[in-house]
1. Kindly indicate whether any position in the range 151-159 is assigned to a loop (DSSP other than H, G, I, E, B), over 16 Å from the mean Cα position of the chain (by Cα) and not polar (S, T, N, Q).
2. Considering only the range 160-175, state which residues are buried (at least 18 other Cβ atoms within 10 Å of the Cβ) and in contact with a Ser or Thr (Cβ under 8 Å, 6 or more places away or on another chain).
3. Taking the range 95-115 as the region of interest, how many residues are free of Cβ contacts under 8 Å to residues at least 60 places away in the same chain and within 23 Å of I156 (Cβ to Cβ)?
4. So which of S132, S152 ends up being within 30 Å of E66 (Cβ to Cβ) and of a type in the set (S, T, N, Q)?
5. Scan the range 56-106 for residues that are outside any helix (DSSP H, G or I), surrounded by fewer than 16 Cβ atoms within 10 Å (Cβ to Cβ), in contact with a Lys or Arg (Cβ under 9 Å, 6 or more places away or on another chain) and of a type in the set (G, A, S) and jot them down.
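Values in this text are rule-based calculations from the coordinates and carry no lab data. These figures come from a predicted structure and were not determined experimentally. Using ideal geometry, Cβ is built from the backbone for each residue, glycine included, and neighbour counts are taken over all protein chains shown.
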Amino acid sequence: MDSLQIQNYLKEGAEARLSVDIQQILDVSKKVTECFKNGGKIIFFGNGGSAADAQHIAAEFVGRFERERESLPAMALHTNTSAMTAIANDYSFDMVYERQVAGFARKGDVVFGISTSGNSPNILKGLEKAKSLGCTTVSMTGKKGGKISLISDFPIRVNSDRTPIIQEVHIAIGHLLSKIVEDMI
């Protein structure tokens, strides 16, 4: 990789960050803040790098982002490997989030499904279950949005088809949500 390729990659990432719908970020932040104020929790899930993003964003709420405050109830479902592998073995991998959402989510919670393609069957099933329970659903995807963006209350799309760029912007969105919610709380 030469300096021009590096510069182009950085430019592409900056353009993808600027493509995010700011009003949607504010609206989701308000929903999350309302959820916390009403005693609810937020739940995240994804696969691969998106699972890492889900865990990272959840940690910003449970720990802290930039200021001292009370811990906020947030969780990433893939961190329970015993549940993940048992559900995958006994049912199918497509059900690993659906079953956990059924066990943990309650009406009024906010549930985030993260998928760069937007078409991961287990993410789709998890969001469908959350919606059926009366949760607010948020999808974080790439440009096309996929199936999960069609069923989400808040489909957040990053204007890119490149997985690493999309994932970098997903973390930026997670940091924005953390900052805005912290300020609102």
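1. No, because not a single residue in the range 151-159 is assigned to a loop (DSSP other than H, G, I, E, B), over 16 Å from the mean Cα position of the chain (by Cα) and not polar (S, T, N, Q).
2. S160, I166, Q167, V169, H170
3. Total meeting the criteria: 6.
4. Within the list S132, S152, the selection yields S152.
5. Matches in the range 56-106: S71 only.
Residues checked against (1) hydroxyl-bearing (S, T, Y); (2) farther than 20 Å from T137 by Cβ:
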| site | (1), (2) |
| --- | --- |
| Q24 | no, no |
| S29 | yes, no |
| G39 | no, no |
| I43 | no, no |
| F65 | no, yes |
| A76 | no, no |
| D90 | no, yes |
| D94 | no, no |
